Amino acid sequence: MLEGIEYIGPRRIAIDGKCFIKCKFDRCSFTYSGGSFLFKDCIFLTDCHIEFIGSALGTFDLIKQLGFLNDSSISIPAGRVSAGHGDPS
């Protein structure tokens, strides 16, 4: 568990298997390959993006090819976020 850490970029952070609690992110690029993760009460400031790799890249490509996304990357809007997938513990 990573709690109360400020990540000031430019910085690249792998999120698979990690639990971020009350962290702050600015100018970060996240990599995600399909594993579990948790963001709880985190703050995203400016210029944060997600890069999909491995299995997650295949899912991202499928969604793009079906026309649900137009861009090749996803920006994270500024603000407070709680989100997760699976159990990263």
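Only the coordinates and a few stated rules stand behind these numbers; no lab work does. Note that the structure is a prediction, hence the values are computed from the model and not measured. Neighbour counts are summed over all protein chains in view; Cβ atoms, including those assigned to glycine, are modelled from backbone coordinates with ideal geometry.
Within segment 1-46, being of a type in the set (S, T, Y) and farther than 24 Å from L57 by Cβ holds for one residue alone: T46.
For segment 28-49, filtered to residues that are more than 17 Å from P88 (Cβ to Cβ) and among the aliphatic types (A, V, I, L, M), the residue that is surrounded by the fewest Cβ atoms within 10 Å (Cβ to Cβ) is I43.
Results for (1) among the aromatic types (F, W, Y); (2) in contact (Cβ under 8 Å) with a residue 12 or more places away in the chain; (3) surrounded by 14 or more Cβ atoms within 10 Å (Cβ to Cβ); (4) touching a Phe, Trp or Tyr at 6+ places or on another chain (Cβ under 9 Å), shown as yes or no for each residue.
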site: D26; (1), (2), (3), (4): no, yes, yes, yes
site: E51; (1), (2), (3), (4): no, yes, yes, yes
site: A56; (1), (2), (3), (4): no, yes, yes, yes
site: N70; (1), (2), (3), (4): no, no, no, no
site: D87; (1), (2), (3), (4): no, yes, no, no
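Taken over segment 72-85, residues that are in contact with a helix residue (DSSP H, G or I) (Cβ under 9 Å, 6 or more places away or on another chain) and exposed (fewer than 12 other Cβ atoms within 10 Å of the Cβ) amount to 1.
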